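Here's the structure we're looking at; comments come further down.
The values are calculated or read from the model by the stated rules, or taken from the named source; none is laboratory data. None of the values given here were measured: they were computed from a predicted structure. Here Cβ is always computed from backbone atoms with ideal geometry, including for glycine, and neighbour counts include all displayed protein chains. We work out accessible area using only protein heavy atoms, side chains counted, and drop any ligands, DNA or RNA first. Shrake-Rupley method; radii C 1.70, N 1.55, O 1.52, S 1.80 Å.
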Amino acid sequence: QLQAMFSFGAVQGIMGPMTRLGQDNIKCMFAGGATLFNYHNLTYASQPVIWVTAERLFVNFTAVVRHPLGRRLMRAALHWLEPSVGLAMRDLWADPRLTPSRFALRFRTLFRLLQFFGPLPFRVMRAMARPAQTRERFEAFVEAFVARIEEKGRQCQELSDWLDLLDEITGTGFSTILPLFGPVMVSGMSTMRMLMSIAADLPGGEGQGLLLTRGLPHNVTTEMDMALWQTAKTIEAQQDAAEGFKSMPAETIAGLYAARVLPAGVTEALDGFMDRYGSRGLGEIDLGRPRWREAPLHIIRVLQSYLQIEDETMAPDQVFARGAAAAEEGIEALAAEVRRGLTGRLKARQVRFAASRMRQLAGLRESPKFMIVRMFGVVRQGLLGIGEKLVADGLLRQADDLFMIGLEHLRAFADGESVDLAALAAAGREAYQREGERRQVPRLLLSDGHAFYDGVGADLNIADGALLGDPVSPGVVEGLVRVVFDPSAVQLLPGEILVCPGTDPAWTPLFLAAGGLVMEVGGLMTHGSVVAREYGIPAVVGVHQATTQLKTGQKIRVDGTNGAVTILS
C-alpha cells in the first residue's frame, strides 16, 4: 500500500539531519500525543506517524489523505504550513492508491475523536468571550509546568533518572498542553482567517489582512528578540564595552564571556538574557543540538549586528511599535471600508471583534514550543553532566556523544546491560556528519521511491529575472543578498536580504537587522513567516533553490505582496 510522507523539517524550518536521541525524542512526543485519542499502548518504536530516512524525520499522512474529510483538512493545512507539498500533491490526490475507500468512521474512532474535539467548541467560545483571562490562565499553566520539571531536574542523579524525566515530558507534556492550547490556537487563527477573507474582497486583497498581524503582542519569539535588542542597548550604554563588541571578533567575545571576564554590566545583561532564553538554539526541537547557553557565538554575532544600527528610526523596538500602530490603523481602515452597504455596521463590528481576539490570542502560537524547548534544556543539561562522567570513565570521547545514541541503547545501558556506547556514538556521529552535507532534501516522499524537491515557483520562473514563491509578509524592499546556512557563522549587516533554506525561532534575532526574507521552505504560518509579518519585513517563502539561484552580494527586490524576487544586479 502506497505511503505518503512530508518533511517534518520543512515545517519546522530545519533541513539538516537530527541526532539519534533527538529523533527518538520526537517519536516519543507523537506517541505521548496519541494518548489524547485513547491510544495508550503506542511507544516511540511502535508509533506509525514519524518515519526516519537520511537522519531526518518525515510525517506519514497517508491515513489522513485516504479519508474524505481528512484530505480536505490536509489541503487547507498545507496551504498554511508548506504550500510546496500541496503543489507536489496536485497529481496525487486522484491517484487510485491514495483515494479514499469509504467515508464511514468506525465507532471506536468516532468516539475517540469526539472525546477530544467534543469540548472544543465550548472552550473556543469561552476563549473568544474572555481572551485576556484565557491568555493569562494559559501562560500561568506553562510557567507552573516548566517550574515543576525544573524542580524534578534538580533531584535527578543517574542516567535513568534523566531518561525517566524526558519520558514524562514527552509522554504528558504534549497531551497536557494541547487541550489548553487548542482553543487558544483555534480562536487566534480562525479570527485571523476571518479578517483575511474579508480583506480578500477589497482593494489590497489578502495582503491587507496580513498587515493587521504586524506588531502582534504576546509572542514569546518576538519578546525574545526584543529582550536581545535591550541587551544590545545595555552594551551600547557602556562605551568601552560597545567599542570592544564592534572591534573584536565574535569568537573572542564569546570566549571572554565563557571565562566570565567581560565587564560586569555586560556579563549581567547577557546572563539575564540566557536565564530566560539560553535553552534556545539552532534546530532546538532536536534535543541533541547545542543551546545558546553552551554556544553563545550566535548571540554575540547578532548583538554585533544590532550595534551597527545607527538610524534610530530603524531601531527594532521602534519598528515593532510602528508595526503595531499601523495594524491598529489598518483595523479601523478595514472596518470603515466594510461599513458601506446594508450590512456594513454589522461587518464593521465583526472586523473589530475578530481583530481584537486575533491580537490578544494569535501571538500565543509560539508558546507551546518554547515551553517544550525550556524543558528539553533542563534534560539536556543533565544529560551533558552524565556524558562528562562517561567521558571520565572512558566510555565516551566527548560529553555530547550521548545524543548520538538512540533511546533503546541508552535505556539498556542505564538498566545495567553491556553496551558499547563509544561505538554507537561514533556510528551516529558519522551518519549525522555525512547527512549534514546533503543540500537538497525532499519535501514529499512516497514509499514507491518517488521524491519531490521543487518549491512553489519551480515551474513558474518568469523571463525578467524574477523567482516566484509564496508571499507571506506584504511589502517591497530592495537590498543586497546574504545567503546563510548557519546563522551562528555570519553577521548580518543592517538592511541585507536574508536568503536561507528555512528558519526556526533561533534565526529570528537576525530579522531585526534584515531588510527582507527569502526562504526555500515554509508557509503562511511557519515561524519565519509569522515573525517577518510581525516585524513588517517583506518575505517570500517556498522559492525553489533560492540559496543556489541567489548569490551573496547580488542586489534584489523582494515583493512580499505578490511573491516575486527580482534580481536587479
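Here are the numbers for this structure:
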quantity	calculated
Unique match (being in contact with a helix residue (DSSP H, G or I) (Cβ under 9 Å, 6 or more places away or on another chain), part of a loop (DSSP other than H, G, I, E, B) and surrounded by 15 or more Cβ atoms within 10 Å (Cβ to Cβ)) among Ala295, Ala269, Ala333, Ala327	Ala295
Among the candidates Thr43, Thr62, Thr35, residue that is of a type in the set (Ser, Thr, Tyr), touching a residue at least 12 places away in the same chain (Cβ under 8 Å) and in contact with a strand residue (DSSP E or B) (Cβ under 7 Å, 6 or more places away or on another chain)	Thr62
Criterion: among the basic types (Lys, Arg) and either touching a residue at least 40 places away in the same chain (Cβ under 8 Å) or crowded, with 18+ Cβ neighbours inside 10 Å (or both) - qualifying residue of Arg214, Arg154, Arg193, Arg148	Arg214
Odd one out for Thr176 among (1) open to solvent by 20 Å² or more (accessible area, probe 1.4 Å); (2) modelled with pLDDT of 85 or more; (3) closer than 30 Å to Ala144 by Cβ	(2)
Residue pairs meeting the criteria (Cβ under 8 Å; at least 6 apart or on separate chains; first at positive phi, in the stretch 257-280; second part of a helix (DSSP H, G or I))	Arg260/Thr267
Leading residue by the ranking (farthest from Gly515 (Cα to Cα)) among those in the stretch 338-352 that are open to solvent by less than 60 Å² (accessible area, probe 1.4 Å) and over 34 Å from the mean Cα position of the chain (by Cα)	Gly344
Of the criteria (1) surrounded by fewer than 19 Cβ atoms within 10 Å (Cβ to Cβ); (2) closer than 12 Å to Leu303 by Cα, which one Val261 fails	(2)
Residue count for the stretch 336-352, restricted to those that are without any contact (Cβ under 8 Å) to a residue 24 or more places away in the chain and in a helix (DSSP H, G or I)	7
Neighbours by Cβ (under 8 Å, 6+ apart or cross-chain): first from the stretch 385-410, closer than 15 Å to Glu294 by Cα and open to solvent by 60 Å² or more (accessible area, probe 1.4 Å); second in a helix (DSSP H, G or I) and hydrophobic (A, V, I, L, M, F, W, C)	Glu388/Ala399; Gln398/Val391
Lone unmet requirement of (1) hydrophobic (A, V, I, L, M, F, W, C); (2) surrounded by 19 or more Cβ atoms within 10 Å (Cβ to Cβ); (3) free of Cβ contacts under 8 Å to residues at least 24 places away in the same chain for Met248	(2)
Output for the stretch 513-569, where each listed residue is assigned to a loop (DSSP other than H, G, I, E, B), among the small types (Gly, Ala, Ser) and closer than 22 Å to Leu493 by Cβ	Ala513, Ala514, Gly515, Gly536, Gly553, Gly560, Ser569
